[in-house]
Amino acid sequence: MTREKPYLTILLLTLLVILSGACSRHTTKFDPGTAVFFPAPPDTARIQFLTSISNSVQVTGQRSAFARFILGELPSVDIVKPYGITVQGHKLYICDTGIDGLEIIDLENNKFDVFSPTGKGQLKLPLNCCLDEAGNLYVADGRRKQVVVFDNSLNYIYAIGEGEDFKPTDVFVKGYYIYIVDLTGKQVVVYDRVSHARVTAFPESEAGKEDFLYSPTNMFATDSAVYVSDMGDSKVKIYTPEGRFISSFGSNGMNIGQFVRIKGIALDQESNIYAVDAAFENVQIFDKSGQLLMFFGGPYQGPGYMAMPAKVAIDYENLEYFEKYLDPEFTLDYLVFVTNQYGPEKIGIYGFVKPKIKIE
């Protein structure tokens, strides 16, 4: 008997490991009867709604019936009120103002983690975030009035803005600099990545001038330009990395191509500009000259539509995890993630698609 106990223990432990990993993940595939395209047929689709993520079980999967009988239901963690989202590698980083923290989704390993730091790294209103090439995480916290920085193991490093009167609403790291949208100062404030010292701020302007920022909310930076969404002026304003004004597009109004509550913006590899409007509850796409190409979404009426959207992110790396939802008559160029602060679908996942060439 005594010799059999270790083997029995090993057997039981092995069974528990198997049961704990026995999860049936979300396996829904393309359904032509419920598929949502933009523009709608008979026009040629450019955007297809693929799926959405609103809780942890959609990522990790649910336990099998036998595993549930032995271990019980797998707890589900909801995404509460997402605002910012960014993608690096196979991970999604979601700023959730409903939990004063972030959800981190690992698409490759089907993991869903909640990041709620304490101590010096405690978050109070995480609005937007970004990562640098080393994996350091920068979080713009509107209530703490700082950008809080964590290393690639999510350990607190430092905070930007201590002793300064500013309200950061977005942050973007590019090259040697950290660009921060300051709603209070109506500027983009630039810091050195190494010394953490304040370098400059732009624009140095006044109300009435075309480069002035009335109520900046979000931004996106490339090697050659910094794009800022100005909700107070219903425009996207474009500057050089040094802060010289280049141009702007948009206006206030209810017509397509105009804005009412512009928020998150992002660029694809062709320099097309994606702009979220929380009032229209859609995303409009403009070419690099500011000419409207199309829009997708709209007030929520079912999957593929939006409920108070806030941020948009574009991803070229993780197509393989969502191709099963794709209409087989199309190819998938890249993914578009959109956060919804309300509604049943908190992270809407869309694909920019092209029709396959048919060979007769």
Considering only the stretch 274-297, state which residues are of a type outside the set (D, E, K, R), over 18 Å from the mean Cα position of the chain (by Cα) and not in a strand (DSSP E or B).
Ala279, Phe280, Ser289, Gly290, Gln291
Give me the pairs, please: first residue somewhere in the stretch 176-187 and under 19 Å from Ala225 (Cβ atoms), second residue anywhere and of a type in the set (S, T, N, Q) and modelled with pLDDT of 95 or more, beta-carbon distance under 7 Å, and either six or more positions apart or on two chains.
Val181/Thr169; Val181/Thr217; Val181/Asn218
Conditions first: (1) surrounded by fewer than 19 Cβ atoms within 10 Å (Cβ to Cβ); (2) under 17 Å from the mean Cα position of the chain (by Cα). Glu320 passes all but one, so which condition is the exception?
(2)
What are the residue pairs meeting all of these: first residue in the stretch 223-238, first residue without any contact (Cβ under 8 Å) to a residue 24 or more places away in the chain and farther than 12 Å from Leu267 by Cα, second residue aliphatic (A, V, I, L, M) and not in a strand (DSSP E or B), Cβ atoms under 7 Å, and 6 or more apart or on different chains?
Ile238/Ala225
Matching entry among Gly121, Gly161, Gly175, Gly135 (being surrounded by 17 or more Cβ atoms within 10 Å (Cβ to Cβ) and within 22 Å of the chain's Cα centre (by Cα))
Gly121
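If you go through the stretch 194-238 one residue at a time, how many are under 23 Å from the mean Cα position of the chain (by Cα) and of a type outside the set (Gly, Ala, Ser)?
Count: 16.
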Within the stretch 315-348, tally of residues that are outside any loop (DSSP other than H, G, I, E, B) and under 13 Å from Leu50 (Cβ atoms)
17
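The values are calculated or read from the model by the stated rules, or taken from the named source; none is laboratory data. Every value quoted in this text rests on a predicted model; they were computed, and no experiment measured them. Because the Cβ atoms are built from the backbone with ideal geometry, glycine has one as well, and the counts that use them run over all protein chains shown.
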